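Beneath this line is the structure, given in C-alpha cells, with notes to follow.
The values are calculated or read from the model by the stated rules, or taken from the named source; none is laboratory data. These figures come from a predicted structure and were not determined experimentally. Every residue, glycine among them, receives a Cβ derived from its backbone with ideal geometry; neighbour counts consider all protein chains shown. The protein model used for the area step is the full one, side chains on, heavy atoms only, and it has no ligands, DNA or RNA in it. Shrake-Rupley method; radii C 1.70, N 1.55, O 1.52, S 1.80 Å.
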Amino acid sequence: MFNIRRWIRWILFYSCLSSLCTFWYLTAIDSNVELKSVQEHRLAVIVPFRDRAKELEIFLPHMRQFLKSQSIEHVFMIINQIDKHRFNRAALINIGFIESCSFVDYIVMHDIDLLPLNQRELSYRYPEHGPVHLASPEYHPMYHYATYVGGILMISCRDFERINGMSPLYWGWGREDDNFYVRMRRVGMKLSRPTKLSTNTTNTFEHIHDKGVHKRDYARYGQQKEEGNKVRPEMGWNTTKYDLIDKNLRISNQGIEYWMLDVNIFCDYSLTPWCDHPTNETRK
Ligand code: UDP
Ligand code: MN
C-alpha cells in the first residue's frame, strides 16, 4: 500500500516547483526595483528669473529636448522676482526649493542663459553621491576658478535642506554661489563635477548673455562687501521671507509647459540695507 517511491517523486516534484517559484518571485522583485529606480526620481529645474522673456523661449525647448533624451522626469519652475529690490538669485532658488520639494526629490538650480550642449556626457540624473556641479569651471565658457559652483548645480532636496539652502543676504550680482560652496564644504558634503569630457570650454555650454543688453549689477554699498564674506549658515531657505503673488502653469510659444511663480522677496533693511539701489535723495 505505502509506496515509498511515489512519495519521493512527489516530494522531489514539489521542491522543484517551490524553488522555481522562489526564483521567479525574486527576479520579479529585482526587476521591479530596477524599474523603480529609473522612474522614482523627479527633477525640478529651478530658474531664478527676472526680465529674461527672450531667453526663456530659447531655454525651455532646449532643456525639454535635452532632458527627454536622458529620460529625466522633470518640471520647470521659473521663479520670477517681481518686487522692486535688486535681484536676489539665492532667495529665488530657496523659494524654488520650498515650492518644489514636496513633489520632487532633487533640483537643479539653473541659470536661464547657460545651455548645456553635451547631451551624451552631461548627466542630469539623480545626484546620489552628493551635489553635482555641472557648469564645471573646467568647461564653463567664462568662469574658471576652482571653487566656482554657479551656473548649473544639481542637488537632492535632502542635501539642500541639510545645509539650509543658500544665504538670502545677497542682493545684486555675485558671491551667493561662493557662499554656497563654503556651506557645502563646512558640513563635509562631497561635490562632484563632470570630468574627461570630449568637449571643452567652447562647446560644452552656450552662454547666451550679451552684457550690452543685460548689465550685471556689480554695485556694493555700505558694508555689503564685508558682510558678503560671512557664511551665516543660520540664514537660509528657512529665513527667506516672500509672498507668492501668482502661480500659473503656462505654455511657451513652442508648446512647453512650465510653472511661473511671481514672488515678492522681503528685505530686512536692518540686516541688508543694500537691497535697493540708493536713490538720489538717499545717496546725499
Ligand atoms: N537673472 C535674471 N535676471 C536678472 C539677473 C539675473 O533672470 O536681472 C538670472 C538668470 O537666470 C541668469 C542668472 O540669474 O542666468 C545669473 O545671472 P547672470 O547671467 O547675470 O550671471 P553670469 O553668470 O552671467 O555672471
Ligand atoms: Mn549669464
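Can you tell me what the convex hull of the Cα atoms of the chain projects to on average, as an area in nm²?
Details: hull surface 90.4 nm².
About 22.6 nm², averaged over all directions.
Could you check how much of the accessible area of the chain is carbon and sulfur, as a whole percent, using a 1.4 Å probe?
Details: 8870 of 16040 Å².
Roughly 55 percent of what the probe reaches on the chain is carbon or sulfur.
Heads up, I need the accessible area for Thr239: 1.4 angstrom probe, whole protein in place, Å², nearest 10.
We get 40 Å² for Thr239.
Whole-Hz ³J(HN,Hα) for each residue in region 110-120, computed from phi via Karplus 6.51 cos²θ - 1.76 cosθ + 1.60 with θ = phi - 60°, x for glycine and proline: what do you get?
Each residue of region 110-120 in turn: 10, 4, 6, 9, 10, 9, x, 10, 8, 5, 6 Hz.
Hey, what's the chain come to in accessible area per residue, 1.4 Å probe, Å²?
Working: 16040 Å² over 284 residues.
In whole numbers, the chain has 56 Å² accessible per residue.
Please enumerate, by chain and number, the lysines with C-alpha under 22 Å from the C-alpha of Lys190, excluding those fewer than 8 residues away in the same chain.
Leaving aside lysines fewer than 8 places away in the same chain, those within reach of Lys190 are Lys230.
Residue separation times 0.36 nm, minus the C-alpha to C-alpha distance between Val182 and His214: what's the value?
Details: separation 32, 0.36 × 32 = 11.52 nm, distance 2.82 nm.
That pair, Val182 and His214, stretches by 8.7 nm at full extension.
Cα atoms only, region 70-215: Rg and Dmax in Å?
14.9, 43
Shape call for region 146-244 from the C-alpha gyration tensor, a ≥ b ≥ c root eigenvalues: rounded (a/c under 1.5), prolate (a/b greater than b/c) or oblate? All intermediate terms of the calculation are to be shown ahead of the outcome.
Details: a/c = 1.83, a/b = 1.15, b/c = 1.60.
Cα axes put region 146-244 in the oblate bin.
Lys225: which aspartates and glutamates have alpha carbons under 20 Å from its alpha carbon, excluding same-chain residues fewer than 8 sequence positions away?
Glu176, Asp177, Asp178, Asp217, Glu234, Asp268, Asp276
Using the basic label-point model (7 angstrom from Cα toward the beta carbon), what is the Glu257 to Ser102 distance in nanometres?
Here the modelled spin labels are 1.8 nm apart.
Any idea how far the Cα center of region 109-143 sits from the one of region 73-88, in Å?
About 20 Å separates the Cα centre of region 109-143 from the one of region 73-88.
Hey, any idea what Rg/Rh is for region 161-212, computing Rh the Kirkwood way over Cα pairs?
On the way: Rg = 15.0 Å, Rh = 14.0 Å.
Answer for region 161-212: 1.07.
Roll a 1.4 Å probe over the protein heavy atoms and report the accessible area of Glu226 in Å², nearest 10.
100 Å²
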